[in-house]
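Undergrad: One structure is given below, represented as structure tokens, and several questions about it will come after.
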Protein chains: 2
Amino acid sequence: MNTQKRMAALRASGAYLGGQDASQAHQHIMRPAFRPAFHAQADGGNPACNIGAGQRCEHALVDAELNQRLYDYERTVRGRFRGIVDTLKAISAVQHESDFAERAQRLAQDRLGYALPQELLDDAWVSGLDMRALHTHCIFQSFKNSVDHTDADQAPWLDRMAITPEFLAACGYHTVDITPCADGRLQGLVPFVFRMAPNRNVYLKAYAGAMFDVEADMIDWAHRELERLTGGIPGGESQNYLKIAVYHFSSSHSHDQGCAFHASNDKQAVESAKQRLDELRVAIERTYGVGAAPAVLLVGLDTDHDSLRIHLPDADGDVNPYRYVDTAELYRETVALSAQAARAHIAQRVDEAQHMDGWAQGRGNMDAGMRSLVLALAEANLSQIEFVIHHHQGRYSVLGHDEEFICAGEATHYVQMRNKYYFAHLDTVEEGAADMDVGIKIFTGLNVRHGLPVPVLVHFYYSSRVPGSRDRALKRAKRVKAAIESRYPALVARNLLTCRMALSDRFDTERCVFVDEAVADAGH
Amino acid sequence: MNTQKRMAALRASGAYLGGQDASQAHQHIMRPAFRPAFHAQADGGNPACNIGAGQRCEHALVDAELNQRLYDYERTVRGRFRGIVDTLKAISAVQHESDFAERAQRLAQDRLGYALPQELLDDAWVSGLDMRALHTHCIFQSFKNSVDHTDADQAPWLDRMAITPEFLAACGYHTVDITPCADGRLQGLVPFVFRMAPNRNVYLKAYAGAMFDVEADMIDWAHRELERLTGGIPGGESQNYLKIAVYHFSSSHSHDQGCAFHASNDKQAVESAKQRLDELRVAIERTYGVGAAPAVLLVGLDTDHDSLRIHLPDADGDVNPYRYVDTAELYRETVALSAQAARAHIAQRVDEAQHMDGWAQGRGNMDAGMRSLVLALAEANLSQIEFVIHHHQGRYSVLGHDEEFICAGEATHYVQMRNKYYFAHLDTVEEGAADMDVGIKIFTGLNVRHGLPVPVLVHFYYSSRVPGSRDRALKRAKRVKAAIESRYPALVARNLLTCRMALSDRFDTERCVFVDEAVADAGH
């Protein structure tokens, strides 16, 4: 069954409720609610699951139960956004009724689970209903709902993640600092693609093109190193900091769906990320002494189906753009094997890859902790590959951008999901202008050309343990908000950019609290 | 003799060569070249030296030889700027001569010691001489000359400074991080007012109103703390980091020559600085554990005559806005005493002040190291008070702003002198906008209203030990330059803002090298 036919069948079955096409990317496709038993596809729809006819894509090392729970989670979160457009259309249809405001609130409450701003409804009789303002309100409110439900939503899968803080500690890493590209397609990286439990020791700082700021990274490293040396990290004495850079590419559309920052030039994407990692290591060694450098790992993500290229460090911790294992290949090679045989095969392939081009022979193999991590990451990712096979037809139907909003500042760690938002890690727009510009360009296609504003959430963390920290974070948020608005005056003038602010406490007294909703600063 | 009469006498004697009044602040007053023996002034021209008739203002604890050397240094450095306007006028007078370019270059070389840009001279016959461009060129070139002569210029006094790194280490401090106000009148603070040897362990980060960035300071603290813990600071095991905040006021013109950021409200200036120090201490303690906080000191500078209010910490290291010693008072009280008696008196006054208002009795006295530092600072400052008495008529004739240019980014530590430049410490204009705005406002009065551009030097340090560091510093400089230019478009459009960039290596391979003068990046 080819993709077109399958979609037609799904539509006929009623499981497919959308009716949109992929170009209407601000609307959302409802995935079928059953778990289809996929068979090998002669048409090559999924490169990982290209196996013998009649064979099922069910890998012995895949945690099918976890996949089901993650899929339920994904549907729950996406469900909070999916109905927004339809609900607003229904509300629009009754805007000339005499009891309009009341009916609108009832519709919103029933379908979306929250109220709409009363004054927008009350004023509708004067100059019509402000659909733009309502749409933006709903995007942020649905996101806020998801944040507020984080614990309940994530409980079913959080403890089942393959790569736990304990496992990372056993590999020798007290902190994992991950820089993916800011691209929304990478925003599910930690829980979905890596199967890593999001927690306070996993830093996520996305930059366009994965081009992280070396000096800013040195500061984060120094902070953790100081905590480690002063006993603030239990068991940290013998552990290291791990920096992971994640570039991306599209195996099916390498020339137009790769990394926009690198103009979809995959070679440039991988070599730039590798160079930045080298710079970070050298900068720390030259500043704090030989041996101080963090461990680094270079990973490539195929955004078509979430498989990975894991680049293998050598004994010195150096990564190489051309020495890697490809998890899609590993999946294909081991899908018919027992768990034990598959594990052995993966280990063998990893060890072979270390000697690729004879390059590592002189340099030695990576250390045992890194090898454990690489093997675990490769194995964990097999589950994600099968997740995409079973729940997204083997390749995401929306290959490109489909984000709901832009998040600028520090990423909230509460909701991490593919194409939920475009995330630009920044302290100032002056430094993060390139990242913001890419985001605005994406949303010009996604929203502005449909007449919808670009929703921008400026989010920062503070520490409730440090007096004044919340005030300073709020000041920072206000400064960044003003800078964003002044960078895109044409959009602001046309009401096509709506910027809001939210703060979170690192110690969880507040989670992504929208500033204008917060009780006055007293008490913080 | 009152000030007016004294000025008239100086003019008549030919020692005063300016002919400007203080409002023509872009031009420069030549100080008399002799060292006058000042006597007690009945008219109270100098509050420190208000002693019996016939008595000389020569304090036993003052290093008169050091004062002479510092005065020579001041004249040398100011001399590089003083002749600019006259030289340019002389050049202007010959601009219609046939051998103009040649004569102009000879005049510049003879009087200023450097050449002018040839193309500006060659093009003069077409559209007249671009005096603005020449003036800005000279300001930067004279500064660059001063930087290049730093070692020779400072050699006579550098080893004679009262407060050396060794003394600071003996007091228990491995690093001193000083935040004065960005105001140019505070830019001679370290070598002149504090008599502290400028060196790599003395950080100078000026902010408008002394309102330093707590998070940025935490980063600097963490950097040094990490170096200390990893053995990078010899003898650092038992030493601490010292943060000094320096607010300022004008005793003679408290309502209009105080701190512009605090609207000349001295109470607000001191309380804000104290609060910021508290925030820094608490932020570090709550983040890195009890006992981690740096030592802090709060100091007020009377910009009329460079005397200090040194606020005394208690046993917990807390400073108090209202518990201080005033060095102008100490000078007056001890000017007639022997060195030994003066020292004993100062120590007694410091110890009495610790019990001011009975406040400290419950809190205990400051520790021995801090007490040593406070005594040394008070004593060192007596020399600066007498320096102003002898070399600046007891009170600066230009009480207000008189800076040559704005320095934005990181301060060069090569030239530190009162009113040489306005300095805004910043990483981004977005964060430092308030500091830049104050600077631009000052130079609107100093330069723009006379038709002269505001010269802005964007300066950053890099580390030649860290590959890529210079390139990144250059990128940062370019970004900040662009942000400054885009913040003041009206000035840029009228050619009234000239921004240049310079980089320095922390390890001295380059010192304030103007980027367009540098050999191409190759080799770094």
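The values are calculated or read from the model by the stated rules, or taken from the named source; none is laboratory data. Just so you know, these numbers come straight off a predicted model, no measurement behind them. Note: ideal-geometry Cβ built from the backbone for every residue, glycine included; neighbour counts use all protein chains shown.
Undergrad: Restrict the check to the stretch A:222-238 and report whether at least one residue is under 24 Å from A:Asp435 (Cα atoms) and assigned to a helix (DSSP H, G or I). Step through it out loud before you land on a result.
TA: Filtering the stretch A:222-238 down to residues under 24 Å from A:Asp435 (Cα atoms) leaves none.
For the stretch A:222-238, residues under 24 Å from A:Asp435 (Cα atoms) and assigned to a helix (DSSP H, G or I): absent.
Undergrad: Step by step: first the residues of the stretch B:135-176, then only those that are aliphatic (A, V, I, L, M) and not in a helix (DSSP H, G or I), then the one that is nearest to B:Met501 (Cα to Cα). Which residue is that?
TA: So, considering only residues that are aliphatic (A, V, I, L, M) and not in a helix (DSSP H, G or I), the one nearest to B:Met501 (Cα to Cα) is B:Val176.
Undergrad: Could you check the stretch A:188-210 and list, in sequence order, the residues that are modelled with pLDDT of 95 or more and either assigned to a loop (DSSP other than H, G, I, E, B) or within 14 Å of chain B (Cβ to nearest Cβ) (or both)?
TA: Of everything in the stretch A:188-210, those that are modelled with pLDDT of 95 or more and either assigned to a loop (DSSP other than H, G, I, E, B) or within 14 Å of chain B (Cβ to nearest Cβ) (or both) turn out to be A:Phe194, A:Arg195.
Undergrad: What about B:Val374, is it in a helix (DSSP H, G or I), of a type in the set (Val, Ile, Thr) and either touching a His at 6+ places or on another chain (Cβ under 6 Å) or surrounded by fewer than 23 Cβ atoms within 10 Å (Cβ to Cβ) (or both)?
TA: Numbers: in a helix (DSSP H, G or I): yes; of a type in the set (Val, Ile, Thr): yes; either touching a His at 6+ places or on another chain (Cβ under 6 Å) or surrounded by fewer than 23 Cβ atoms within 10 Å (Cβ to Cβ) (or both): no.
Against the criterion (in a helix (DSSP H, G or I), of a type in the set (Val, Ile, Thr) and either touching a His at 6+ places or on another chain (Cβ under 6 Å) or surrounded by fewer than 23 Cβ atoms within 10 Å (Cβ to Cβ) (or both)), B:Val374 does not qualify.
Undergrad: Further question: Going by the structure shown, is B:Ile219 in contact (Cβ under 8 Å) with a residue 60 or more places away in the chain and either of a type outside the set (Asp, Glu) or surrounded by fewer than 20 Cβ atoms within 10 Å (Cβ to Cβ) (or both)? Step through it out loud before you land on a result.
TA: Working: in contact (Cβ under 8 Å) with a residue 60 or more places away in the chain: no; either of a type outside the set (Asp, Glu) or surrounded by fewer than 20 Cβ atoms within 10 Å (Cβ to Cβ) (or both): yes.
For B:Ile219, the condition - in contact (Cβ under 8 Å) with a residue 60 or more places away in the chain and either of a type outside the set (Asp, Glu) or surrounded by fewer than 20 Cβ atoms within 10 Å (Cβ to Cβ) (or both) - is not met.
Undergrad: Tell me, which residue of the stretch B:230-250 that is among the aromatic types (Phe, Trp, Tyr) and touching a Leu at 6+ places or on another chain (Cβ under 9 Å) is farthest from the other protein chains (Cβ to nearest Cβ)? Spell out how you get there, then give the answer.
TA: Taking the stretch B:230-250 first, the residues among the aromatic types (Phe, Trp, Tyr) are B:241, B:247, B:249.
Going one step further and asking which of them are touching a Leu at 6+ places or on another chain (Cβ under 9 Å), we end up with B:247, B:249.
Details: B:Tyr247: 19, B:Phe249: 25 Å.
So the residue we want is B:Phe249.
Undergrad: From A:Ile442, A:Ile385, A:Ile406, A:Ile389, grab the single residue that is at pLDDT 95 or above and more than 14 Å from the chain's Cα centre (by Cα). Step through it out loud before you land on a result.
TA: Numbers: A:Ile442 fails: at pLDDT 95 or above; A:Ile406 fails: more than 14 Å from the chain's Cα centre (by Cα); A:Ile389 fails: at pLDDT 95 or above.
Answer to the selection: A:Ile385.
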